[in-house]
1. Hey, can you rank 184-191, 247-254, 205-212 by average C-beta count inside 10 Å, highest first?
2. If you filter segment 456-552 for trypsin sites (Lys or Arg not before Pro), then keep DSSP loop positions with at most 14 other Cβ within 10 Å, what is left?
3. If you plug each phi of segment 452-463 into the Karplus form 6.51 cos²θ - 1.76 cosθ + 1.60 with θ = phi - 60°, what whole-Hz ³J(HN,Hα) values come out, in order, with x for Gly and Pro?
4. Residue by residue through segment 477-491, which ³J(HN,Hα) values in whole Hz follow from phi under the Karplus form 6.51 cos²θ - 1.76 cosθ + 1.60 (θ = phi - 60°), with glycine and proline marked x?
5. Any of Lys66/Lys173; Lys99/Lys404; Lys99/Lys428; Lys70/Lys279; Lys169/Lys522; Lys157/Lys223 with alpha carbons more than 27 Å apart? Name them for me.
6. For the ranges 196-203, 103-110, what's the packing order if you count other beta-carbon atoms within 10 Å of each residue, average per peptide, and put the highest first?
7. Using modelled amide H (1.01 Å from N, peptide plane; none on Pro or chain starts), what sits under 5 Å from the amide H of Ser440, excluding residues fewer than 5 places away?
8. Could you list the chymotrypsin sites (Phe, Trp or Tyr not before Pro) in segment 444-552 that lie in coil according to DSSP, counting only those with at most 16 other Cβ atoms within 10 Å of their Cβ?
Amino acid sequence: MTNKTTTIRKKKLRGGRVVVAANGGDNEKNKAPEPTIRGTNTTRTKEEEDRAFNEFLMGDIKKTFKKALKRVSSLPLAISEFGAIAGFSALGTVIEQNKSYAWYVENYPVGEDAPLFGLLDFTFILNSGLDHVYTTWYFLSLLSLLAVSLTACTATKQLPVWRVAAKWKFIKKPKFLVNSKTMDERESVKDASVIDLANSLAERGYQVFLREEDKEQYLYAFKGLIGRLAPIGVHFALLLTLGGCAYSALGGLGGSIMAPEDTSFTIADGLTRGSPLSKVPKFAKTNQVFVKDFTIDYLPSGQVSQFYSNLSVIDEKGNEVDNKVISVNVPLRYGGVTMYQTDWSMSSMRVTVIPKLEVDATNSDTNSESSSSSKSRSSSSSSSSSSIGKREELVLPMANLENKGNFKGKIWGTFLPIGDDADASENKKGISLVARDFQSVAIYDSKGAFVGVRRPTSKKPIDVDNISLVVEEISGATGLELKTDPGVPFVYAGFAGLLVTSFLSLLSHSQVWGVQKNDGNKVLYVSGTSNRGKEEFRVEFDQVLDELPEYI
């Protein structure tokens, strides 16, 4: 064994005895026990050595654990965690979540057009997971770290404070009451009774406890103890909210769908799994949603005011189990699935085509050249209209032209082909119909020249490329966002608890002590303290003492 300096410590005890203790220095207690040499008088058995080492190891683990708890429960760390979570939540609100790859490529292009001076492009968003920020590993890790910090703070700080505050503590030394610096208010009152003090405090809502020993009376009173317990409730409410958020992120489903009116879709088609832990409800695979109607309300300026969707939920047997007209902020909830009205589009346009196959009778008496020209035009008209034939009603699909070519903002268009040149699809001639809303349609001929505007409700025909065209109706499509949030009840409960406990934590916890000795002086020693509302407590303390009757 290595030699070490031995320190002798002497402690004098009652009776004159001196206890002598030897150790290897101040830091010796922090070192692991050294094994001894077997075969000597000082040799320890293997079991004793193992027991000593295990005791040292457990003690060291406890110290390390306490240090870790102290660091994790620090207020600056919790504030930084809150700030990081708030920052990523703000990004998740600004950047649309769970869209397609093509959508991010179109709306967050690479280059100078990207937001934040060209930094926030689709490559950065997709590579960093900002398209699904609430289910990323770093966001869930921040939630977990904050939960650990709140739990550690509750265990190391809030619970010990509560245990101390909840104990009945009678102070029996008058000098401590009068001279203690921990007391906010201190006073000694002559010719007063502790019973009167108890009654006065009880009238002000204090819980009062009295004890009498050897005709000496002691008093302890408190009120607002819930103010000490409320911070623990605040932490529990925050943990419940964080747990609900994590549950929704890991177990929730979400997605969007664009459904034209008079069509239906299976609920599961609008739901995508956010994580391997999420599960599609069984009914969502069989039940369908039928879009009965889609309408839009407009402001006098022509802008969209509100849009509505009449939705019916159809079960696997074809029965309607739910129906509701939804709008923005008025969703349909069924079986844990919430359907929000988020967008709209145009799906198709219904038009009536009337071919002009007859030449104006006034042209029949013109000269031969004119007649020949007229016949040529008539032949061209008949030829160009042969693809359409006689009067008929057509339903033309509409395409979204937003940000395509020179188009900006919401705009849709469709194409009505004319002529017999069906094989030359690239050079196909036709009429273009463009609309920004359901109120008017702009019409362009086969050469791209503007012809006019028609309202679908007017039923008024317009002549274009030797045909008469009537715009009958534009059918809309409703944009729905479907979500399942299994953690929503826990989030709501956490927020409700947070509001209540935050209010209760503002209540002051006030304590009053009193001592009246049996020494013939009839002096009542009183002191008190409060964790907040110091001025209010001082005023109340003075009022209580002023009300005490004086006994002569």
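Values in this text are rule-based calculations from the coordinates and carry no lab data. Small disclaimer: the values here were computed from a predicted structure and weren't measured. Neighbour counts are summed over all protein chains in view; Cβ atoms, including those assigned to glycine, are modelled from backbone coordinates with ideal geometry.
1. Numbers: 184-191: 15.9, 247-254: 20.9, 205-212: 14.2.
Per-residue mean Cβ counts within 10 Å order the peptides as 247-254, 184-191, 205-212.
2. On the way: sites: Lys459, Lys483, Lys517, Lys522, Arg532, Lys534, Arg538; in loops: Lys459, Lys517, Lys522, Arg532.
For trypsin sites (Lys or Arg not before Pro) across segment 456-552 that sit outside H, G, I, E and B with at most 14 neighbouring Cβ atoms in 10 Å, the list reads Lys459, Arg532.
3. Values, residue by residue: x, 10, 9, 8, x, 7, 6, 6, 8, x, 9, 8 Hz.
4. Working through the residues one at a time gives 10, 9, x, 10, 10, 9, 9, 10, 10, x, x, 4, x, 5, 5 Hz.
5. Values: Lys66/Lys173 35 Å; Lys99/Lys404 19 Å; Lys99/Lys428 35 Å; Lys70/Lys279 39 Å; Lys169/Lys522 23 Å; Lys157/Lys223 21 Å.
Beyond 27 Å between Cα atoms: Lys66/Lys173; Lys99/Lys428; Lys70/Lys279.
6. Peptide ranking by packing, descending: 196-203, 103-110.
7. When sequence neighbours closer than 5 places are left aside, there are no close amide H contacts.
8. Loop-located and lightly packed - Tyr551.
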